[in-house]
1. Tell me which of these Arg396 doesn't satisfy, since it passes every other one: (1) in a loop (DSSP other than H, G, I, E, B); (2) touching a residue at least 24 places away in the same chain (Cβ under 8 Å).
2. Taking the criterion of being touching a residue at least 60 places away in the same chain (Cβ under 8 Å), open to solvent by 10 Å² or more (accessible area, probe 1.4 Å) and in a strand (DSSP E or B), would at least one residue in region 53-61 satisfy it?
3. From the list Val83, Val93, pick out the single residue that is of a type in the set (A, V, I, L, M, F, W, C) and in contact (Cβ under 8 Å) with a residue 60 or more places away in the chain.
4. Do you know which of the residues in region 1-48 that are in a loop (DSSP other than H, G, I, E, B) and within 18 Å of Leu383 (Cβ to Cβ) is modelled with the lowest pLDDT?
5. Just name the residue that is farthest from Val258 (Cα to Cα) out of those in region 285-332 that are in contact (Cβ under 8 Å) with a residue 12 or more places away in the chain and among the polar types (S, T, N, Q).
6. Pairs needed: first member in region 346-365, closer than 14 Å to Gln378 by Cα and open to solvent by 60 Å² or more (accessible area, probe 1.4 Å); second member anywhere, part of a loop (DSSP other than H, G, I, E, B) and not hydrophobic (A, V, I, L, M, F, W, C); C-beta distance under 8 Å; at least 6 residues apart or different chains.
7. Just give me the residues in region 180-200 being closer than 10 Å to Ala28 by Cα and among the hydroxyl-bearing types (Ser, Thr, Tyr), in sequence order.
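The values are calculated or read from the model by the stated rules, or taken from the named source; none is laboratory data. Only a predicted model underlies this, so the values are computations on that prediction, with no experimental measurement involved. All Cβ positions, glycine included, derive from the backbone under ideal geometry; neighbour counts span all protein chains shown. All accessible areas refer to the heavy atoms of the entire protein, side chains included, with ligands and DNA or RNA removed. Shrake-Rupley method; radii C 1.70, N 1.55, O 1.52, S 1.80 Å.
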Amino acid sequence: MTDASEPKGPLAGLVICDLSRILAGPTATQLMGDLGATVIKIENPKSGGDDTRAWGPPYAETTDEESDLSAYFMAANRNKFSVTADISTTEGVALVREIAAAADVVIENFKPGGLAKYGLDHETMLAAHPGLVYCSISGFGQTGPNAHLAGYDLMAQGYGGIMSLTGAPDGPPMKVGVGIADVMCGMYAAIGILSALRHRDATGEGQHIDLALVDAQMAWLINEGTNYLTSGKDPVRRGNAHPNICPYDVFETADGHVILAVGNDAQFRRFCEALDAAETAADERFATNSSRLSHRDALTPIISELLIKRDTRDILERLSNVGVPAGPIHTVRQALSSDQAGARGAVITMQRDDSVKGNVQLLGNPLKFSRTPVSYRQAPPRLGEHDAALSDILRRAIGARGAR
């Protein structure tokens with residue numbers, strides 16, 4: 001763990017006033033915090049702070065009062081300072097304005113128009129601070145017929161189409177197993193903020209970023225979205241199968257399951273030869289990817305019969321030897337305890353003196369920089385942990401800004 005008093009990384013000196021909560025906004029600000037930004041997380045003491053503090057168990061067990069460090073909260077709130085402010089009060093608004101005046105970025109996820117009555121909306125704040133980058137995240141955006149509606153990850157996945165594609169072909173619509181709409185929206189937010197900062201640094205001009213969960217989710221429909229736009233046909237649920245590649249699926253083995261991802265015709269021929277099925281590769285119905293897609297219903301049972309007779313390890317060894325992509329299906333425990341995860345820093349440990357263990361374990365940042373590595377300086381904070389230290393935090397951050 002590096003010293004929290006020493007901002008490091010490519011975003012050192014950047015100050016973020018974080019009015020967001022739950023997952024999309026916190027994902028963005030945690031990412032920028034990992035890159036060195038000073039993130040001041042504003043939390044309402046009346047409501048118990050960020051909603052996700054109560055989204056447990058599990059919690060990190062603490063040595064004093066009841067823990068507010070749920071695993072969910074800790075997933076998106078490291079490298080942040082928690083400062084409490086009730087914006088329904090004059091004092092709370094004044095404190096947020098003080099922080100925003102020192103900040104490069106304000107990010108919030110209130111309902112559109114929800115901050116106007118406090119004078120904390122983007123129009124008011126940009127008028128006072130023309131160089132500010134102000135990012136608003138909402139369910140449906142600041143405009144459109146649904147702008148007034150609240151948005152959560154599950155609703156965005158439903159409205160934006162991804163649930164219609166996820167799950168077994170004969171099963172119900174299914175959400176992705178984690179809050180992927182929120183996480184991807186947070187990624188877009190981080191990219192948008194950094195782009196706006198580059199413009200600000202070149203021109204002195206700040207701006208407002210209007211980002212919606214549903215907009216972001218539709219954007220990452222990727223090939224299935226363009227499949228529909230190109231063909232006019234609604235994509236359907238295929239389970240683990242791929243709409244544009246075959247074979248690309250999960251298959252049962254003698255002792256479990258295996259992933260097969262054959263990306264081209266040469267790989268398909270090698271796959272068949274490795275499993276002693278050269279006659280399948282010679283079948284003209286399966287000679288090209290397009291023909292394999294057309295004859296998917298005939299090919300899938302043949303492959304299933306080839307694989308179910310063999311152990312997973314045998315299959316993976318055979319296919320690895322001939323350069324055909326295949327892999328296991330890990331549980332979360334297996335994935336995070338794997339040699340690869342260890343080598344790549346997928347799990348990190350951060351000191352937290354008031355936890356029973358003295359530390360908390362978190363998921364690491366996947367970015368690997370050759371010159372400006374990410375840093376883990378501040379464990380996920382308790383509610384209001386940094387109220388008394390705010391002035392010093394801002395002083396250090398502004399000092400780091402001057403050193404850029």
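1. Failing condition for Arg396: (1).
2. The answer is no; no qualifying residue exists.
3. Working: Val93 fails: in contact (Cβ under 8 Å) with a residue 60 or more places away in the chain.
None of the other options fit; the residue is Val83.
4. Taking region 1-48 as the starting set, the residues that turn out to be in a loop (DSSP other than H, G, I, E, B) are 1-14, 20-23, 35-37, 44, 48.
Now narrow it down to the ones that are within 18 Å of Leu383 (Cβ to Cβ): 4, 20-23, 44, 48.
Working: Ala4: 48, Ser20: 98, Arg21: 97, Ile22: 97, Leu23: 97, Asn44: 97, Gly48: 96.
Within region 1-48, the match that is modelled with the lowest pLDDT is Ala4.
5. Thr288
6. As it stands, the answer is Gln351/Gly358, since those pairs meet every condition given.
7. Passing the criteria: only Tyr188.
Okay, residues lined up against (1) open to solvent by 40 Å² or more (accessible area, probe 1.4 Å); (2) closer than 20 Å to Gly206 by Cβ; (3) in a helix (DSSP H, G or I); (4) touching a Lys or Arg at 6+ places or on another chain (Cβ under 7 Å):
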| residue | (1), (2), (3), (4) |
| --- | --- |
| Ser67 | no, no, no, no |
| Phe73 | no, no, yes, yes |
| Asp86 | no, no, no, yes |
| Gly92 | no, no, yes, no |
